[in-house]
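Okay, so here's the structure we're looking at.
Every number here is computed from the coordinates shown, using simple stated rules; none is lab data. Just so you know, these numbers come straight off a predicted model, no measurement behind them. Reconstructed Cβ throughout: ideal geometry from the backbone, glycine too, with neighbour counts over all protein chains shown.
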Amino acid sequence: MEKLEKVFGKHSVRALFLARPGDVRRFVVAGKDEYHAEMIAQARQHGLKVEHLEWPAFKKLGEFTEDDKHQGVMAYAKPRRAYGDRDIGLLDEDGCVLVCDQISNPQNLATIVRGAAFFKANAVIVMKNRSADMSPTVVRYAVGGAEFVKVFTVTNLAAALEQLKAINYWVYGLDERGEATLAQSDFGPRAAFVIGAEGQGLRPKTRKFCDALVRIPGGLEGVESINAGVAATVALAEFTRLMD
């Protein structure tokens, strides 16, 4: 039997229809048709059968909890392509990569993926262990962003950074101790920003593999840093500004 991935929420399913409609195997809605008119039209445009369920059956099928913001829309599709350590060479092009050093909070990872998609980053790299993964919940939090960015899951972050350097990426660690700010840095056409875990920031081992440490200006005693997802988005925005 074909293994399928659950995608839910209007924005996430809409992005799925835009990015890879041919991978969708099942489309399910609950509630009034007029509430889902746009989604139903898109599904039919791609030749998909629209399956209508009552709310209890819909929630049971999706195994939803009260915290899942499904909006009565769900699709089952072939999983997105999985990228790993051996695929880093595919990133041999100008642009920006975000590297997550043990980002374990699903909402932070989703924010990073969403920002990477918005700013058209080349990829997001996450760790296989001690890290959030691309679960259906993360995909939902990313509000469609997961469909438009390559996500690489690697077993050895240091080795991944070395592979990026081998294809001419300059590796910047986002760290409050960096001597230069993002705006003061002279980025080349290929940059990899490493974002540290919530609370502890970059691990000492990871900092050793960075070509430079850069900081986001701001902060005060007691609020020395900002959310990992926000920091990644600021870095992407600054890189994009400087490259334009």
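Measuring against 28 Å, Cα to Cα, the residue pairs LYS59/LYS128; LYS6/LYS120; LYS10/LYS78; LYS59/LYS120 contain LYS59/LYS128; LYS59/LYS120 as the ones spanning a longer distance. Here region 226-243 and region 50-112 have alpha carbon centers that stand 22 Å from each other. Build a GNM of the chain with springs between Cα atoms under 10 Å apart, and of ARG20, ARG44, ARG80 the one that fluctuates most is ARG44. Treating the angle as unsigned and between 0 and 90°, give the value, to the nearest 10°, between the Cα long axis of helix 106-118 and the longest Cα principal axis of the chain. Relative to the chain, helix 106-118 is tipped by roughly 90 degrees. Relative protection proxy for 195-203, 53-61, 96-104, 118-126, from highest mean packing down: 96-104, 118-126, 195-203, 53-61 (other beta-carbon atoms within 10 angstrom).
Taking only the C-alpha atoms of the chain, Rg followed by Dmax gives 19.5, 58 Å.
Under the convention that each Lys and Arg Cβ holds +1 and each Asp and Glu Cβ holds -1, the size of the dipole of the chain around its Cα centre is about 720 debye.
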